[in-house]
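Data first, discussion second: the structure below is written as structure tokens.
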Amino acid sequence: MPRSDLFPELAVKSQSKPIHALRSKDGYSSSQEINGLVSDNLHNSSDAQIAKLVNLKFNSNAFALIRQLSQDLSAKETELILLREEKSRRENELLRLCNEFGNLSYVEVDRRLNALKPEKNVHKVVSAMVLDAMAISDSQGSNERLPKDVQRPKPQSRNKRTALRRTQQPFHKEEKSASTQNRKSLAEATDIRSSVGLPVSPNLHDTQNPKEEPIWPRWLHWLNQSEESVDLPNKSTDIQNKSSIENSRNKSVVELESMGDSFSPILTSTIFDADKFGFVNDKPLQNLKCKTSSLQDMPSPVESPVSISKSATEINLTLANVENSESGKALTTLALSQSLDKLKLLNEQYLATSEMHLKQWDILMRQAQTSGSPKSDQDVSLGTFGLKAQNLKKQGSSLRKMFGHEDELSDDSKSFKFLQRLIYESGIPPKHRNYLWFELSGAKNRAIAGEYQRLLANSQGTSDPTLIESIDQIKLDLHRTLPSNIYFNNQKTNGPGPQFAALKNILMAFAAYEPNIGYCQGMNKLLGNVMLGVNESHSHGGSKVSEENLFWLYVSIVEDILPCYSELNFFHPKAMMLLREDSLILRQYLNKLMPQLGKHLESLGVELELVVISWWIGVFTEAVSSIDLWLKLLDGLLIADNPRIKFHAYTLAAFYFYQRALCGFKERDSIYGFINLLKTGNGPNIKSNEFMSIAASFEKQIHTIELKSPS
Amino acid sequence: MSEPRFASFKLVLLGESAVGKSSIVHRFVKNTFDDMRESTIGAAFLTQTISLPEVNTTIKFEIWDTAGQERYKSLAPMYYRNANAALCVYDITSKASFAKAQDWIKELNRQAPEGIVVALVGNKADLVDERQVDEADVESYLQDLRAQRGESAGDVIHLECSAKSGDGVLDIFNSIAQALPLEEPAAKSQQSKRVDLNRRQQTTLQLGCC
């Protein structure tokens, strides 16, 4: 068995370079520079301090500093590579030993190793490191001792410890001071716990009873606020805790990219009551959720996803029966517990399915990144998957080899279909989203180093009237883009959110990049939603996307992923009329595929075109209520052969799910009103896998429909 | 008194981006104002009914609130086709937006359905200190316009309002309602007449002021 199959995690890490690593191509030879790091906390220094540094250390030559930073970065990169290499060698050896002496099969070991989940949350890792450091200094400097299981919440592998020791060195000093500070906050935490009546271990450091809730993990928990907001009893400790988070954050490895990057995932949960995408919850209409058309009530064009929703209905029925029956408490309890069991079962099924999908994605990504390693210059420029995953369709491509279809010349789309099926069934999981979006959109090939900065500069001092017009419009729309989202609008300060500037820069740079397209209202919401998807991915351990790369992602989506009309870009001013014509075609499709709805809308005099055009210009941001679903729609577009047909299919699918509600309205304005509500996030909940499979089935059927020529 | 009547009219809002079209509609429909209103993509749709007690009639407005960006201009005919009334909105603190509103009126004169009721509305009247469009300029423009359109075309309504404070918003829709040809569409929409009674009660509750 090849090693990469047994240790896919390792393979991924050593093969895939982060996007920003591309910048320091020359760097790998400079490993002897490891000790000359200047960059540890530079991004926290004031401009004046940096200027001083440039003056003193680099004879006022800023290039030297940049070169040094770049070298440092590549030195760290090298160190990482060496570490990974060492780790993989050790694990290989361990594997051999396990096999030889422990009588454990490779598969068994592999299974156990895979069960160890890598910790992606840097705060957790850092706090574990802090704990470690404290434990060391404690055992050296005093006779205070911590119980073993409290010292380190999770057992760590030897390798990890080695790695830990190495990385500790550069910021050893800070670590110590941080640990004292953290100890202070710990002491305060204890006080608070006693003051609010929470159980406090009588003698913290001598605690031996494992059943008693140890205070350390709880304190750790507070440190990890970025993930879940914890109710803190007192405001001042809130600040205290935050500052300790800041402290631990500062100690993470310095990367060039984090300088000037406004990304701040912590914002979401600590400051506002916002959802995972950063929308502040101010939707009183949330309860107004409308009835979704459920699959079994309608002639179903697909067979697959019915089972789960069916059993859900059964449960509803059971519950209804329980309410109606008056035959005693025992029966009720029995029925309830049965229902609960069913619910549990459903939940398990659901979890199992998502788990399975996630595993399949992991396998796909691992293998793709391992065997997709570039062999020639051409491969490098194309990326692993390539635009719209074209590489999966190519004969002899490394990806096809990995799926084992190399010789099956007759069936050249099998591997592509695997990806397609995964995207339809689950969508791209957040942790792989940024990587795959960047690949599938073709952004990887489009990015030209330095171009973004040039475009930004162009957009600022321009005298071109078309460009000025676009920029004026952008300025009018910036504060009106996703105003309820904290990334773009800070409701507390009434000022711009942390990603407001990036939104502005990217829209402006695009206007300078394609002055003929410029800016069209609708682009702002498209970009905003893309950015929220990227944020979510990043917070799930997806690759970091710099503003520059975000720009190229956006360019690629607008130019290569959205439909074209007679070779005119989707957002081109002249494409607007063609969009209108296309919306008339949609009406024909709708009448053919959902005749009942078609007739109903016709009889009420609903002008479908008006609705459809808004949906299209907003790239469906106005057509579906949840960002989660919207992200899946974008995933699907990224591999669509014919985006125009995909747009039709999505539109039809949306009408399919709104059909029941729409047919229930007896007046035209109720229909328009319902559609108007969708964009405020108050539409029906739609399962994304159901949406995608309905859309796919419509897509097939569309091809069979003969169109009447427009009158 | 005659039987209570119910009529439904399509109304479209036109005007430069960010003059406050959506804000006017939201003030009229929901009596709210939001500093941070999302920019309109394509168009938005809302309805509101008002009653005219003097003629014993309830009027429902089906309001199409269009996006203001210049490049959406080619879509506008879809929205003002079949429209009974059009609001051409400008921002009193922007001369350019007033010019754009005049362009819209020109286009409506040329292309809109016969008998469409046109209102020229100056929004943001609360920002008196920043005013760029004087009432006098508007009046002289309107005189020219009236001469041009002739008697048969019907008058162009002109009002100023502030969606932020709410001043004058209701007056606009009341004036339009007065100017609409009640007999004809009411006769046409026999179907809607049946739901009349329920409707009317609802309306009087919503708008006690007219």
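The values are calculated or read from the model by the stated rules, or taken from the named source; none is laboratory data. Predicted model, so just to flag it, every value in this text is computed and none were measured. Every residue, glycine among them, receives a Cβ derived from its backbone with ideal geometry; neighbour counts consider all protein chains shown. Please note that ligands, DNA and RNA were not included when accessible areas were found on the heavy atoms of the full protein model with its side chains. Shrake-Rupley method; radii C 1.70, N 1.55, O 1.52, S 1.80 Å.
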TODO: Please state which one of A:688, A:670 is more than 14 Å from residue A:608 (Cβ to Cβ), away from chain B (no Cβ under 14 Å) and surrounded by fewer than 23 Cβ atoms within 10 Å (Cβ to Cβ).
DONE: A:688
Task: Scan of segment A:473-490 for residues that are in a helix (DSSP H, G or I) and more than 9 Å from chain B (Cβ to nearest Cβ), ordered by number - done: A:474, A:475, A:478
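Is it true that residue A:533 is in contact (Cβ under 8 Å) with a residue 12 or more places away in the chain, more than 14 Å from chain B (Cβ to nearest Cβ) and open to solvent by less than 10 Å² (accessible area, probe 1.4 Å)?
On the way: in contact (Cβ under 8 Å) with a residue 12 or more places away in the chain: yes; more than 14 Å from chain B (Cβ to nearest Cβ): yes; open to solvent by less than 10 Å² (accessible area, probe 1.4 Å): yes.
Against the criterion (in contact (Cβ under 8 Å) with a residue 12 or more places away in the chain, more than 14 Å from chain B (Cβ to nearest Cβ) and open to solvent by less than 10 Å² (accessible area, probe 1.4 Å)), residue A:533 qualifies.
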Open item on the list: Restricting to segment A:518-546, count the residues that are over 29 Å from residue B:72 (Cα atoms) and touching a helix residue (DSSP H, G or I) at 6+ places or on another chain (Cβ under 7 Å).
Closed with: 11
TODO: Kindly indicate the residue of segment A:558-583 that is within 14 Å of chain B (Cβ to nearest Cβ) and farther than 16 Å from residue B:42 by Cα and also most open to solvent (accessible area, probe 1.4 Å) among those meeting that condition.
DONE: A:568
Task: Top-ranked residue in segment A:675-685 [being buried (at least 20 other Cβ atoms within 10 Å of the Cβ) and not in a loop (DSSP other than H, G, I, E, B); ranked as nearest to the other protein chains (Cβ to nearest Cβ)] - done: A:676
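Okay, residues lined up against (1) farther than 25 Å from residue A:519 by Cβ; (2) surrounded by 14 or more Cβ atoms within 10 Å (Cβ to Cβ); (3) not hydroxyl-bearing (Ser, Thr, Tyr):
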{"position": "B:67", "(1), (2), (3)": "no, yes, yes"}
{"position": "B:77", "(1), (2), (3)": "no, no, yes"}
{"position": "B:88", "(1), (2), (3)": "no, yes, yes"}
{"position": "B:91", "(1), (2), (3)": "no, yes, yes"}
{"position": "B:103", "(1), (2), (3)": "no, yes, yes"}
{"position": "B:124", "(1), (2), (3)": "no, yes, yes"}
{"position": "B:135", "(1), (2), (3)": "yes, no, yes"}
{"position": "B:143", "(1), (2), (3)": "yes, no, yes"}
{"position": "B:147", "(1), (2), (3)": "yes, no, yes"}
Task: segment A:454-481, residues that are of a type in the set (Lys, Arg) and within 12 Å of residue A:521 (Cα to Cα) - done: A:475, A:480
Task: Residue tally, condition of a type in the set (Gly, Ala, Ser) and open to solvent by 10 Å² or more (accessible area, probe 1.4 Å), over segment A:619-634 - done: 2
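Of all residues in segment A:579-588, which are more than 34 Å from the chain's Cα centre (by Cα) and not acidic (Asp, Glu)? Explain how you work it out, then say what you get.
At the first step, the residues of segment A:579-588 found to be more than 34 Å from the chain's Cα centre (by Cα) are A:581, A:584-585, A:587-588.
Result: A:584, A:585, A:587, A:588.
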- [ ] From A:610, A:652, grab the single residue that is among the aliphatic types (A, V, I, L, M), away from chain B (no Cβ under 14 Å) and part of a helix (DSSP H, G or I).
- [x] A:652
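So, in segment B:82-114, exactly how many residues are of a type in the set (Gly, Ala, Ser), more than 14 Å from chain A (Cβ to nearest Cβ) and in contact (Cβ under 8 Å) with a residue 60 or more places away in the chain?
Pass one, segment B:82-114, residues of a type in the set (Gly, Ala, Ser): B:83, B:85-86, B:94, B:96-97, B:99, B:101, B:112.
Okay, now just the ones that are also more than 14 Å from chain A (Cβ to nearest Cβ), so B:85-86, B:99, B:101, B:112.
Filter again for in contact (Cβ under 8 Å) with a residue 60 or more places away in the chain, leaving B:85-86, B:101.
Total satisfying the criteria: 3.
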Task: Number of the condition not met by residue B:41 [criteria: (1) of a type in the set (Val, Ile, Thr); (2) touching a residue at least 60 places away in the same chain (Cβ under 8 Å); (3) within 14 Å of chain A (Cβ to nearest Cβ)] - done: (2)
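Table: residues versus (1) of a type in the set (Phe, Trp, Tyr); (2) away from chain A (no Cβ under 12 Å); (3) in contact (Cβ under 8 Å) with a residue 12 or more places away in the chain; (4) open to solvent by 10 Å² or more (accessible area, probe 1.4 Å).
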site: B:8; (1), (2), (3), (4): no, no, yes, yes
site: B:14; (1), (2), (3), (4): no, yes, yes, no
site: B:31; (1), (2), (3), (4): no, yes, yes, yes
site: B:35; (1), (2), (3), (4): no, no, no, yes
site: B:57; (1), (2), (3), (4): no, yes, yes, no
Task: Failed condition for residue A:117, given (1) loosely packed, with under 13 Cβ neighbours inside 10 Å; (2) more than 31 Å from the chain's Cα centre (by Cα); (3) modelled with pLDDT of 75 or more - done: (2)
Task: Scan of segment A:460-469 for residues that are crowded, with 17+ Cβ neighbours inside 10 Å and either within 30 Å of the chain's Cα centre (by Cα) or in a loop (DSSP other than H, G, I, E, B) (or both), ordered by number - done: A:462
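Is there a residue being modelled with pLDDT under 95 and in a loop (DSSP other than H, G, I, E, B) anywhere in segment B:191-203? If you could, list the steps in order and put the result at the bottom.
Filtering segment B:191-203 down to residues modelled with pLDDT under 95 leaves B:191-203.
Checking which are in a loop (DSSP other than H, G, I, E, B) leaves us with B:194-195.
Scanning segment B:191-203 turns up at least one residue that is modelled with pLDDT under 95 and in a loop (DSSP other than H, G, I, E, B).
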- [ ] Could you please tell me which pairs satisfy a Cβ distance under 9 Å, a separation of 6+ or placement on different chains, a first residue in segment A:83-98 that is within 19 Å of residue A:112 (Cβ to Cβ), and a second residue that is of a type in the set (Phe, Trp, Tyr) and open to solvent by less than 80 Å² (accessible area, probe 1.4 Å)?
- [x] A:88/A:7; A:91/A:7; A:92/A:7; A:95/A:7
TODO: Report, by residue number, each residue of segment A:77-97 that is closer than 24 Å to residue A:363 by Cβ and either touching a strand residue (DSSP E or B) at 6+ places or on another chain (Cβ under 7 Å) or open to solvent by less than 40 Å² (accessible area, probe 1.4 Å) (or both).
DONE: A:88, A:91, A:95
TODO: Look at residue A:541 and say whether it is within 14 Å of chain B (Cβ to nearest Cβ) and at positive phi.
DONE: no
Task: Identity of the residue in segment B:62-81, more than 7 Å from chain A (Cβ to nearest Cβ) and small (Gly, Ala, Ser), that ends up farthest from residue A:668 (Cα to Cα) - done: B:68
- [ ] Just name the residue that is nearest to residue A:529 (Cα to Cα) out of those in segment A:491-506 that are crowded, with 17+ Cβ neighbours inside 10 Å and within 12 Å of chain B (Cβ to nearest Cβ).
- [x] A:497
